Structure formats: structure tokens, C-alpha cells
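Structure, as C-alpha cells:
The values are calculated or read from the model by the stated rules, or taken from the named source; none is laboratory data. Since this is a predicted model, take the numbers as computed values, not measurements. Virtual Cβ from ideal backbone geometry, glycine too; neighbours counted across all protein chains shown. Ligands, DNA and RNA are stripped out before the accessible areas are found, and what is left, the full protein with its side chains, is counted by its heavy atoms. Shrake-Rupley method; radii C 1.70, N 1.55, O 1.52, S 1.80 Å.
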Amino acid sequence: MAIKKTAGRKSRKVPEQATVRFYCQGIGDSHLLRFQKVDGKDFWMLIDCGVHTSIKGGNRMVDAIVADIASVTDRLDVVVGTHEHWDHLSGFWTAREAFKDIKVGEVWLGWTENPEDAQAQELDKFKGKALAALQGAQDKLGKVDARHLAAVRDGVNGLLGFHFGLEGQKVRSSRDALVAMASKKVRYLAPSKRPVTIPGLPNLRIYVLGPPRDENYISIRERKSEMYGLGAAMARAESLMAAMQSENMAAQDSSVPFEPNMGIELDAILGGTLDPGDETAGLTQALLQATYLKEANRRIDYDWLSASAELALQLDDRTNNTSLVLAFEFVDTGRVMLFTADAQVGNWLSWQDLSWSLDDAKVSGSDLLGRTVLLKVGHHGSENATLKDKGLELMTDPDLSAFIPTNKKDAAKVKWGEMPYEPILDALEAHAGKRVLRADDPWVQQAKGARALFRTPSGSIKAIRRSQAKGLWLEMDIA
């Protein structure tokens, strides 16, 4: 990867510390980092490689990304898998043959992916039950004609796209394929007392900010005082999982007023399969036909499935809150690059509890935010993936820049609402001005006549480039 020299501000002449190549597949993350070691050799790190199933031709995009990586290096010293979502890990499965041509040293995952960690095992049980319940609800929602549940059906389908590939593969297959790539070892990382250091890179410290160990943080989806705009409430998820686990829900529910054998299945009434000699059943059917079944808007027999939307959100939030979050600090300048993956409210809040006692200083989570000059914006700019007072408002470095891996049109197609969220865009621009870049920027996509949003690099950005292949990547040299 060529590094082009571009003059920065004369007040701070600092050599390039890293080159970051952000791939622009739209709804998905993949970031290639290059550091130069003291012996002149390159150290390569890849953070995630995936694309959401909703992206047309997504697998071909990932193939192009892997081919591009192979064109600049045949070795990745570290590959990071931030969390179990398809749009972050899919490439390790779909492009697994192409990855065989690239030697991988270590693989880094969050502690939540460690099969020998008792807390991770409990979290995994919840994810398994939730996915099974959602698949069952999705199947039922697809078979019923209930217009008022259409939004629920669309929402569940969209969120399940984070957990399954186009051919129904579970995201676990991608995670396992990534683990199998490691030629050295797999590290399961958690916030600790010391930052990670790399031999040959004495000027680099890597702080692990998340995932948090505190279950209370993992389950937090929203906190209005910390969010730009308002969030949504959720409930009833546990009851949906319990319901979907039982074929005869009444038999498992101690709160119902009658014994299970006293009831009549609604499907039997609708399908006309009742015993013609059963007088009680006949009267029941006549009553329902005259009242309940006559007016569709009075029917609530499938409304319980609306809880699947809340369960889908809870599963999505817990997975995002277990994102592996890394802060890269350059020791000589104190500048920080922050890669948040899809960390949501709980993960962000947990950083306020973190501190590291080093030989020459004490570093806190808030301190790292204050010195951040490059932010990989979380979860494609969604409303609950960038905090306010305990997040972006702490990022006060005048050289802050940000990259959002999102394509607004693609997000709209799967009905995710505002992504990126306009209040967050406004806040980012207030802090970083024109140095807020997106995967769908016209300049990146090389639309005719498009120009870079900013031409003069900041003190921390020494140069910025885009790929010759249409919209494949944009790249920064960071000091």
C-alpha cells in the first residue's frame, strides 16, 4: 500500500503512524490497518470483513475486498472479529477459499466468543433460544394475513439478516471459519489493567474498551439522557421465547383459567375440522363465525407475535453491546484511533469505569475519547450507537475525523428507519466539520464531477485517497 506524502499543518510536523483503508460495501464493516515497525517491515491488521444480506451482490463485494487485501499483502498479522453479526463476519465464510492465500497470524475476538468462558456460555444460551424463537415467529408471521403485523414481520426479517446468510448459514459458521484461520493463537479480549502492545511497535498501545463484563451494561439498549433524539421501549421478549419453546402453550401456562383439555384449537375452528357431533364445539363455532371471525379487525389471535420485534431488538442490542472495541494510541503524540464496531449504549457507558495505570501516566476511558482523532462510527450511524455526553461530546480534539460505513439507500430498503441518524450526523459535523466521511459519499463512489469534501488534510490526517475501482475503499494516512 503506497503512502503518499502530503503536507500537514506546519505547527505539528508528525510522520505518518498508520494507514487505514475503509472498505465501502455499504451495510457492513471491513477495515485494513497498516503500521510500520521499527525494522521497516509492515504490520497488518484486518478488523472485520462482512456485508449484510440485504446488499445486492454483497458476496461479490466481499470477494473484491479480499482480492484487494491480497493485492497489497499476503500476510495479516492480526484479524479481528468484533462480534457475531453477519455484516461483520460473513466474508470469513463466503470468501474462505480466497482467504487461504493470505497467511493469518493471530485472531482476536471478544471474551464473549470464548467457548470456555462460563459467562460467555450463558450469553450464548440466550442467543440460541432467542434465534430459535425468532425463526419460529418469522415462520408464523409469513403465513398469516395480518396487515397490522406487516411492520413486525419486516423488522424481524431485517434483523435476522444480521444473524443468517442468504443460504441460511448461521453467523457462527463465519466466526468458526475465522478462528480456523489463525496460524498462531486466538486471543479472547476483555478490558484489562494493561493495554495490548505489539513487538516492533513501541509507539503503539491498544486499549480494549469492550465488551464489558457487567451484564447490566450488556443489556442496556437506551438511555435518553445519553442519546441524540429518542429511543424505543421493549418488553415481553422472555414470554415469546417461552411460548415458542412449547408446541402446546396452554399446557405449559399455569396462569390459564381452565385445563388444556377444556379448550378448542382456533385452527380447528378455522379449518372446519371439529367433530360434527360435538354440540358445544358447534355452538362455539357459530358464535365465533357471527362475531369474532366476521370482523377481521377484532381478531387478536396472532397479536402475541408482535413480541418478536422486541425480542429481535433485544438480541440485536445484546450482540452489539458485546462488540470488541479497540482504541489505538500513538504514544508520542497521544492521538487515538477509536474503532467502536457496533457498540451500543451499554458498551459505551462501561468505558467510563475503565482506567489503566501505566509506568508514566494514568489513562481513563474518558481520556482516550478526548484524544480521539479518528472515529469509526458504530452500527452504521444508528441512533443508539453513538453516545452524547459520555461519548461524542467528550471527543474534543480539533482534528477529529469520522468514517460511517453506511449506504443510506440500502438501509432504507430494509426499513431500518434513519440510518445514519440525522441528529448524530449533525453532532458529528459539529465536531469534525467536513471530515465526516461515508461509504456512500459521491466522492467515494466516483460520481461524475464529485470532489472530496475536504482537500487540505488536518493535523492528524496526512493524506486521503480513494480506490480506482468504483467505490471500493477510501484510505487515510494518520499521524
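Below, the figures for the structure above:
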| read-out | value |
| --- | --- |
| Order by protection proxy (mean Cβ within 10 Å, highest first), peptides 437-444, 178-185 | 437-444, 178-185 |
| Between the stretch 67-130 and the stretch 350-388, the Cα center-to-center distance that results, in Å | 23 |
| Ala463 long-range amide H proximity, modeled H, under 5 Å | Asp477 |
| Extension gain (nm, one decimal) between Glu422 and Ser366, 0.36 nm per residue minus Cα-Cα | 17.7 nm |
| Of Lys103/Lys388; Lys56/Lys140; Lys362/Lys390, those spanning more than 29 Å from alpha-carbon to alpha-carbon | Lys103/Lys388 |
| For the stretch 347-362, Karplus couplings with θ = phi - 60° (6.51, -1.76, 1.60), whole Hz, Gly/Pro x | 4, 4, 4, 5, 5, 5, 8, 8, 7, 10, 9, 9, 4, 10, 6, 10 |
| Two-site label geometry, Glu122 and Asp154: point separation in nm, points 7 Å out along Cα→Cβ | 3.8 |
| Segment Asn216-Lys103, extension gain: residue separation times 0.36 nm, minus the distance between their alpha carbons | 36.8 nm |
| With DNA, RNA and ligands ignored, accessible area of His52 (1.4 Å probe; Å², nearest 10) | 10 |
| Calculated FRET efficiency for the pair Val331/Lys470, C-beta based, R₀ 41 Å, to 0.05 | 0.60 |
| Cα→Cβ-extended label distance, 7 Å offset, between Arg96 and Lys37, nm | 3.0 |
| Label-point gap, in nm, between Asp353 and Ala412 - each point 7 angstrom along Cα→Cβ | 4.1 |
| Largest-first ordering by accessible area, 1.4 Å probe, given options Thr333, Thr19 | Thr333, Thr19 |
